[in-house]
Amino acid sequence: MTSPIPLKGLDHVVLLVGDMQRATAFYTEVIGCSIDNDLPQHGMRQLRAGASLIDLVDISTEEGKWARPDIAGGRNVDHIALGLGPVDPETVRAHLAAHHVEIEEEGDRIGAEGDTLSFYIRDPDGNSIELSFPPKT
(Lines give C-alpha, C1' and ligand atoms only; values in the text may rest on other atoms or scores of the structure.)
Protein backbone atom coordinates (compact mmCIF):
# COMPACT_ATOMS: atom_id res chain seq x y z
CA MET A 1 0.00 0.00 0.00
CA THR A 2 1.40 3.37 -0.95
CA SER A 3 0.90 6.36 1.29
CA PRO A 4 -1.48 9.13 0.15
CA ILE A 5 0.64 11.68 2.02
CA PRO A 6 2.49 13.84 -0.56
CA LEU A 7 5.75 14.84 1.18
CA LYS A 8 7.41 18.02 -0.10
CA GLY A 9 10.24 18.16 2.41
CA LEU A 10 11.27 19.44 5.81
CA ASP A 11 9.15 22.45 6.83
CA HIS A 12 10.85 23.22 10.13
CA VAL A 13 12.73 21.84 13.11
CA VAL A 14 12.22 23.10 16.67
CA LEU A 15 15.39 23.42 18.78
CA LEU A 16 15.40 24.01 22.53
CA VAL A 17 17.86 26.71 23.63
CA GLY A 18 18.85 28.27 26.95
CA ASP A 19 19.68 31.78 25.74
CA MET A 20 17.70 33.27 22.85
CA GLN A 21 20.19 36.08 22.14
CA ARG A 22 23.14 33.71 22.00
CA ALA A 23 21.30 31.21 19.80
CA THR A 24 19.96 33.93 17.49
CA ALA A 25 23.44 35.40 17.08
CA PHE A 26 24.86 31.98 16.17
CA TYR A 27 22.18 31.11 13.63
CA THR A 28 22.14 34.58 12.02
CA GLU A 29 25.82 35.56 12.17
CA VAL A 30 27.49 32.16 11.78
CA ILE A 31 24.97 30.07 9.84
CA GLY A 32 23.35 32.89 7.82
CA CYS A 33 19.70 32.55 8.83
CA SER A 34 17.45 35.59 9.06
CA ILE A 35 14.75 36.32 11.64
CA ASP A 36 11.40 35.44 10.09
CA ASN A 37 8.93 35.70 12.97
CA ASP A 38 8.79 36.15 16.74
CA LEU A 39 6.23 34.37 18.91
CA PRO A 40 7.06 35.75 22.39
CA GLN A 41 3.96 34.19 23.94
CA HIS A 42 5.63 30.80 23.30
CA GLY A 43 9.23 31.90 24.00
CA MET A 44 9.88 31.23 20.33
CA ARG A 45 11.70 32.79 17.39
CA GLN A 46 11.46 31.50 13.84
CA LEU A 47 14.57 31.77 11.67
CA ARG A 48 14.51 31.45 7.90
CA ALA A 49 16.89 28.76 6.61
CA GLY A 50 16.33 28.80 2.85
CA ALA A 51 12.91 27.31 2.13
CA SER A 52 12.66 25.95 5.71
CA LEU A 53 12.52 27.33 9.24
CA ILE A 54 14.54 26.71 12.38
CA ASP A 55 12.36 27.49 15.38
CA LEU A 56 14.18 28.33 18.60
CA VAL A 57 12.37 27.93 21.93
CA ASP A 58 14.04 29.55 24.94
CA ILE A 59 13.30 27.00 27.67
CA SER A 60 14.87 29.29 30.30
CA THR A 61 11.83 31.60 30.09
CA GLU A 62 8.36 31.22 31.56
CA GLU A 63 6.88 31.42 28.04
CA GLY A 64 9.15 28.63 26.79
CA LYS A 65 8.63 26.27 29.71
CA TRP A 66 6.08 24.26 27.69
CA ALA A 67 9.01 22.73 25.78
CA ARG A 68 11.28 21.92 28.74
CA PRO A 69 12.23 18.25 28.87
CA ASP A 70 11.26 16.27 31.96
CA ILE A 71 14.96 15.69 32.66
CA ALA A 72 17.54 18.45 32.20
CA GLY A 73 19.48 17.68 29.04
CA GLY A 74 16.93 14.99 28.18
CA ARG A 75 16.32 16.22 24.66
CA ASN A 76 17.07 19.16 22.44
CA VAL A 77 14.75 18.73 19.48
CA ASP A 78 11.09 19.23 20.26
CA HIS A 79 9.70 18.00 16.93
CA ILE A 80 10.26 17.94 13.19
CA ALA A 81 7.71 19.22 10.72
CA LEU A 82 7.24 17.66 7.32
CA GLY A 83 5.76 19.90 4.61
CA LEU A 84 3.05 18.23 2.57
CA GLY A 85 1.92 18.80 -0.99
CA PRO A 86 -1.73 19.31 -1.88
CA VAL A 87 -3.89 16.73 -0.09
CA ASP A 88 -7.26 16.67 1.64
CA PRO A 89 -6.74 16.60 5.41
CA GLU A 90 -9.48 13.97 5.67
CA THR A 91 -7.47 11.65 3.40
CA VAL A 92 -4.48 11.99 5.71
CA ARG A 93 -6.68 11.55 8.79
CA ALA A 94 -8.13 8.30 7.36
CA HIS A 95 -4.69 7.02 6.37
CA LEU A 96 -3.28 7.63 9.85
CA ALA A 97 -6.29 5.96 11.47
CA ALA A 98 -5.87 2.92 9.20
CA HIS A 99 -2.33 2.61 10.58
CA HIS A 100 -3.47 3.15 14.18
CA VAL A 101 -1.61 6.47 14.41
CA GLU A 102 -3.32 8.94 16.72
CA ILE A 103 -3.44 12.64 15.91
CA GLU A 104 -2.39 14.10 19.27
CA GLU A 105 -3.00 17.72 18.33
CA GLU A 106 -4.15 19.65 15.32
CA GLY A 107 -4.62 23.30 14.53
CA ASP A 108 -3.51 26.32 12.59
CA ARG A 109 0.20 27.16 12.73
CA ILE A 110 2.74 29.37 11.01
CA GLY A 111 4.93 27.19 8.81
CA ALA A 112 7.75 27.94 6.40
CA GLU A 113 5.24 28.77 3.66
CA GLY A 114 2.73 30.69 5.82
CA ASP A 115 -0.44 29.94 7.78
CA THR A 116 -1.22 26.26 7.65
CA LEU A 117 -3.18 23.42 9.22
CA SER A 118 -1.01 20.81 10.89
CA PHE A 119 -1.41 17.43 12.60
CA TYR A 120 0.94 16.27 15.36
CA ILE A 121 1.63 12.54 15.56
CA ARG A 122 4.32 10.35 17.16
CA ASP A 123 6.59 7.83 15.54
CA PRO A 124 7.01 4.38 17.15
CA ASP A 125 9.87 5.74 19.31
CA GLY A 126 7.82 8.61 20.66
CA ASN A 127 9.32 11.37 18.50
CA SER A 128 6.88 14.15 17.69
CA ILE A 129 6.22 14.68 13.98
CA GLU A 130 4.18 17.59 12.63
CA LEU A 131 2.50 17.09 9.26
CA SER A 132 2.20 20.59 7.81
CA PHE A 133 -0.39 21.04 5.06
CA PRO A 134 0.01 23.59 2.24
CA PRO A 135 -0.77 27.19 3.19
CA LYS A 136 -4.34 28.33 3.26
CA THR A 137 -5.24 30.44 0.26
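The values are calculated or read from the model by the stated rules, or taken from the named source; none is laboratory data. This is a predicted model, so every value here is computed, not measured. Heads up, the Cβs are rebuilt from the backbone with ideal geometry, glycines too, and the neighbour counts pull from every protein chain shown. Note: areas computed on protein heavy atoms with side chains; ligands, DNA, RNA excluded. Shrake-Rupley method; radii C 1.70, N 1.55, O 1.52, S 1.80 Å.
Per-residue ellipticity at 222 nm, computed for the chain from helices alone with -39500 (n - 2.57) per DSSP H run of at least four residues, works out to -3000 deg cm²/dmol. Taking the accessible area of region 1-73, probe 1.4 Å, and keeping the other protein chains in place, the carbon and sulfur fraction comes to 55%. Above 26 Å, the calculated P(r) of the chain contains 26 percent of its Cα-Cα pairs. Beta bridges assigned by DSSP with both partners in the chain are antiparallel in approximately 75 percent of cases.
Simple point charges give the picture: +1 on the Cβ of Lys and Arg, -1 on the Cβ of Asp and Glu, and for region 1-95 a dipole about the Cα centre of about 200 debye. Simple spin-label estimate for residue 72 and residue 3 gives 3.7 nm between the two label positions (7 Å along the Cα-to-Cβ direction from each Cα). What is region 55-102 by shape, rounded, prolate or oblate, if you read a ≥ b ≥ c off the alpha carbon gyration tensor as root eigenvalues and call it rounded for a/c under 1.5, prolate for a/b larger than b/c, and oblate otherwise? Judged from the Cα gyration tensor, region 55-102 comes out prolate (a/c at least 1.5, a/b above b/c).
A 1.4 Å probe run over the protein chains yields, for region 2-137, 57 Å² of accessible area per residue, whole-number rounding.
Summarising the amide proton neighbourhood of residue 17: residues at separation of 5 or more, or on other chains, whose placed amide H is nearer than 5 Å comprise 57, 58, 59. Considering only Cα atoms, the convex hull volume of region 1-41 works out to 141 Å³ per residue. The mean of 1/r over all distinct Cα pairs in region 1-77, once inverted, gives the Kirkwood hydrodynamic radius of 13.4 Å.
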